[in-house]
There are 2 protein chains.
Amino acid sequence: MKMSDINQINVVKIGGNVIDNPDALERFVSDFAKLPAPKILIHGGGKLATRLSEKLEIPTQMIDGRRVTDRDTLDVVTMVYAGLVNKQIVAKLQAAGCNAIGLSGADANVIPALRRSPIPVDFGFVGDIDSGKINTAFIATLLKAGVTPVFCAITHDTEGSLLNSNADSVASAVAVASATIAPTYMHFCFEKLGVMCNIDDESSVIKEIIPDSYRELREAGVVNKGMIPKIDNAFRAVEAGVQSVTIKHSDNLLSDIGTVIKL
Amino acid sequence: MKMSDINQINVVKIGGNVIDNPDALERFVSDFAKLPAPKILIHGGGKLATRLSEKLEIPTQMIDGRRVTDRDTLDVVTMVYAGLVNKQIVAKLQAAGCNAIGLSGADANVIPALRRSPIPVDFGFVGDIDSGKINTAFIATLLKAGVTPVFCAITHDTEGSLLNSNADSVASAVAVASATIAPTYMHFCFEKLGVMCNIDDESSVIKEIIPDSYRELREAGVVNKGMIPKIDNAFRAVEAGVQSVTIKHSDNLLSDIGTVIKL
């Protein structure tokens with residue numbers, strides 16, 4: 001396949017709550033296998049890492065409501081995200097006929113990250129990503145070979161240390177990099193139907209959000225607080241070249257139900 | 001790089017005892033990074049999986065002196081081998097300037113395996129490998145892209161389940177597959193200098209073993225019991241097309257000290 005043979009790329013993020021639900025994950029994996037290639041999957045972590053830390057009696061340190069990744073915690077998330085969750089998803093995708101390859105950001109130096117400054121708050125081995133530094137050529141090589149990359153949110157500092165990154169940020173950075181290969185459509189899949197006017201009314205999904213309507217929705221207080229970082233993140237991705245970002249339920253990957261965010 | 005640009009491939013296996021020794025591993029990783037590419041690394045597991053199983057109170061079941069891989073144990077070895085050990089080695093290699101990519105056998109379906117028959121003994125999720133089924137084309141794609149594959153011994157059954165395989169067998173199967181791409185030289189690195197006439201005499205390393213001399217060494221009782229499976233495994237690899245197999249100390253990857261096994 002030549003580079004010009006790639007007409008569009010689907011980049012899909014699957015959230016931790018779906019990873020924690022075996023039936024929902026099974027349905028999602030089956031649908032993702034059916035999605036036309038070339039495509040890329042980024043998965044969150046789920047609660048398994050927290051449970052493993054508890055069993056191993058590794059104390060959880062929180063600062064300002066956010067978890068600190070000390071060395072023991074880094075080992076745990078590396079084992080769970082890059083090991084267990086990533087390889088289980090890859091094995092399931094292979095069984096469903098999708099030629100998946102599981103990757104951390106260290107593999108083929110595909111997602112180098114910068115360890116977050118310990119000032120003002122030291123979050124430990126946490127890495128922030130610059131989409132401009134992603135190894136886009138290698139991602140293109142995989143896609144052209146008919147292979148589907150499956151990323152966990154473990155990255156590295158290029159100096160020998162792994163880092164724990166935010167899965168939404170990994171997904172956005174990968175989508176922005178992918179947009180330099182071919183027009184890229186991003187799908188954020190989680191346990192809700194999309195951005196809703198009324199969280200209790202399934203028919204209230206907002207079909208489309210553009211910058212003007214987003215401003216109105218925020219001013220009217222319609223968009224709930226937890227959704228704002230996701231929508232902001234989506235706008236940053238479309239401003240950086242992604243065609244659109246759709247926020248949708250993990251059961252609806254192959255359907256149109258969801259909220260499309262675009263310019 | 002064209003396929004014809006690959007003149008020879010080095011396939012290196014590093015044993016579990018070296019993985020368990022941080023200083024020895026650091027030295028080995030630094031040497032492996034200096035080894036001319038194209039090259040492939042296969043690593044064993046070490047004792048970390050056993051220690052993690054103990055901490056998690058997962059009972060170890062042994063049959064005929066061999067460990068049974070039940071579902072909990074499979075999760076542990078997947079976390080430790082495919083997650084922690086594999087990604088830590090990859091991050092260290094990246095820091096040393098080697099563009100490594102960590103892989104399990106499920107990734108890109110590169111090492112499909114057959115779950116061992118439960119009759120006469122059920123060892124659980126244990127997979128045996130057929131070197132003829134290895135995804136050689138994908139390995140060649142990586143090598144031609146200047147990427148160095150780093151394999152753990154986790155494989156898959158192509159039906160959705162991961163499997164625990166023997167790292168020596170993975171290494172041999174990968175080397176035999178690699179020999180169909182270009183002439184392949186294999187290096188088994190561990191904590192001894194090679195095959196020795198006298199285990200207490202470091203100067204007694206046997207420089208070369210060919211089938212005739214192996215027969216004599218065995219008849220004379222010179223080769224010790226624990227070494228026989230390693231040498232048999234090496235002869236199977238050279239009989240299947242690998243140029244030579246060198247058994248050597250992990251500190252001697254870049255030197256000639258060791259035992260060369262060839263036809």
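None of the figures in this text is laboratory data; all of them are computed from the coordinates on show. It should be emphasised that the depicted structure is a prediction, and the values quoted were computed from it without experimental measurement. So basically every Cβ, Gly included, is an ideal-geometry build from the backbone, and we count neighbours across all protein chains shown.
Hey, rough spin-label estimate for A:D23 and A:K133, points 7 angstrom out along Cα→Cβ, what's it come to in nanometres?
4.3 nm
Enumerate the aspartates and glutamates that B:K92 could reach by cross-link, defined here as Cα to Cα under 20 Å, with residues fewer than 8 away along the same chain left out.
Qualifying aspartates and glutamates at Cα under 20 Å: A:D70, A:D72, A:D75, A:D107, A:D128, A:D157, A:E159, B:D20, B:D23, B:E26, B:D31, B:D251.
What percentages, rounded to whole numbers, describe P(r) for the protein assembly as shown computed over all alpha carbon pairs with 20 Å bin width beginning at zero?
Histogramming the protein assembly as shown at 20 Å steps yields 22, 53, 21, 4, 0 percent.
Relative contact order for segment B:57-163: what is it in percent, counting Cα pairs under 8 Å that are at least 6 residues apart?
Taking the mean separation of contacting Cα pairs over the length of segment B:57-163, I get 33 percent.
Extending each Cα 7 Å along its Cβ direction at B:E54 and B:E208, get the distance between those two points in nm, one decimal.
My value for the distance between the label points is 4.5 nm.
Within a 10 angstrom radius of each residue's Cβ in A:44-57, how many Cβ atoms of other chains show up on average? Whole number is fine.
Partner-chain Cβ atoms within 10 Å, mean over residues of A:44-57: 1.
Within a 10 angstrom radius of the beta carbon, how do B:C189, B:C197, B:C152 rank from fewest other beta carbons to most?
Going from sparsest to densest Cβ surroundings: B:C197, B:C189, B:C152.
With each pseudo-label sitting 7 Å past Cα toward Cβ, what's the A:L35-B:K225 distance in nm, one decimal?
Taking the two extended label points, one gets 5.5 nm.
Please compute the average number of Cβ atoms from other chains found within 10 Å of each residue's Cβ in peptide A:145-155.
Mean partner shielding for this stretch: 2.
Ignoring everything except DSSP H segments at least 4 long, calculate the 222 nm mean residue ellipticity for the protein assembly as shown; use -39,500 (n - 2.57) per segment, divide by total residues, nearest 500.
The per-residue figure over the protein assembly as shown is -9000 deg cm²/dmol.
Taking a point 7 Å out from Cα toward Cβ as the label site, list the nm distances between B:K225 and the same residue in every other copy, smallest first.
Reported distances to equivalent positions: 6.8 nm.
If you count the DSSP beta bridges with both ends in the protein assembly as shown, what percent of them are antiparallel, to the nearest 5?
Numbers: 24 of 80 bridges.
Expressed as a percentage, antiparallel bridges in the protein assembly as shown total about 30.
Rounding to the nearest 20 debye, state how big the charge dipole of segment A:159-256 is about its Cα centre with +1 on each Lys and Arg Cβ and -1 on each Asp and Glu Cβ. Please report the intermediate quantities before stating the final value.
Values: 8 positive and 14 negative charges, 35 e Å.
Here the size comes out at about 160 debye.
For B:A137, go 7 angstrom from Cα along the Cα-to-Cβ vector, then report the distances to that same point in the other copies in nm, smallest first.
Label-point distances to the other copies, shortest first: 2.4 nm.
Please report the spacing between the Cα centers of segment B:1-43 and segment A:2-49 in Å, no decimals.
32 Å
Considering segment B:106-203, what Rg and Dmax in Å follow from its alpha-carbon atoms?
Every Cα atom of segment B:106-203 included, Rg and Dmax give 16.2, 50 Å.
State, as an integer percentage, the relative contact order of segment A:150-263 based on alpha-carbon contacts under 8 Å between residues 6 or more apart.
33 percent
For chain A, set up a Gaussian network in which alpha carbons nearer than 10 Å are linked by springs, and say which option among A:K207, A:K55, A:K87 fluctuates the most.
Comparing A:K207, A:K55, A:K87 in the GNM, the peak value goes to A:K55.
Name the chain A residue with the Cβ nearest the axis that maps A onto B: which is it, and what is the distance in angstrom?
That would be A:G83, 1, residue then distance in Å.
For a protection proxy built on the mean count of beta-carbon atoms within 10 angstrom, sort A:159-165, B:209-215, A:6-12 highest first, please. Please report the intermediate quantities before stating the final value.
Details: A:159-165: 22.3, B:209-215: 14.1, A:6-12: 19.7.
Put in order of decreasing packing, that is A:159-165, A:6-12, B:209-215.
Please report B:I181, A:I257 as a ranked list, fewest other C-beta atoms within 10 angstrom at the top and most at the bottom.
A:I257, B:I181
Tell me, what ³J(HN,Hα) does each residue in segment B:128-135 have, in order and in whole Hz, if you take phi through Karplus 6.51 cos²θ - 1.76 cosθ + 1.60 with θ = phi - 60° and put x for Gly and Pro?
9, 10, 10, 4, x, 9, 5, 7
Pick out which of A:A220, A:A179, A:A167 has the largest mean-square fluctuation in a Gaussian network model of chain A, springs linking Cα atoms closer than 10 Å.
A:A220
Can you compute the charge dipole magnitude of segment A:82-163 about its Cα centre, using +1 on each Lys and Arg Cβ and -1 on each Asp and Glu Cβ, nothing else charged? Give it in debye, rounded to the nearest 20.
The dipole of segment A:82-163 has a size of about 320 debye.
Based on the alpha-carbon gyration tensor of segment A:3-261, what equivalent-ellipsoid semi-axes (square roots of 5 times the eigenvalues) come out, in whole Å, largest first? Walk me through the numbers on the way to the answer.
Details: eigenvalues 138, 108, 73 Å².
The equivalent ellipsoid of segment A:3-261 has semi-axes of 26, 23, 19 Å.
Let's see if you can work this out: charge +1 on each Lys and Arg Cβ, -1 on each Asp and Glu Cβ, no other charges. What is the dipole magnitude of segment B:3-261 about its Cα centre, in debye to the nearest 20?
For this selection, approximately 400 debye.
Can you list the HN-Hα couplings for segment A:58-63, worked out from phi with the Karplus curve (6.51, -1.76, 1.60; θ = phi - 60°), rounded to whole Hz and with x for Gly and Pro?
Those phi angles translate into 8, x, 8, 9, 10, 10 Hz.
Under a 10 Å cutoff between Cα atoms, tell me which one of B:D64, B:D157, B:D23 has the largest fluctuation in the Gaussian network model of chain B.
Sorting by GNM fluctuation, first place goes to B:D64.
Taking each residue of B:112-120 in turn, how many C-beta atoms of other protein chains fall within 10 Å of its C-beta, and what is the average?
0
Given an 8 Å cut-off on Cα distances and at least 6 residues of separation, report the relative contact order of segment B:3-261 as a percent.
23 percent
Starting from a label point 7 Å past Cα on the Cβ side, list the distances from A:I63 to the same position in the other copies, nm, shortest first.
The answer, with the shortest distance listed first, is 5.1 nm.
Taking the number of other C-beta atoms within 10 Å as the exposure measure, put B:S255, A:S250, A:S131, B:S53 in order starting with the fewest.
Ordered by Cβ neighbours within 10 Å, fewest first: B:S255, B:S53, A:S131, A:S250.
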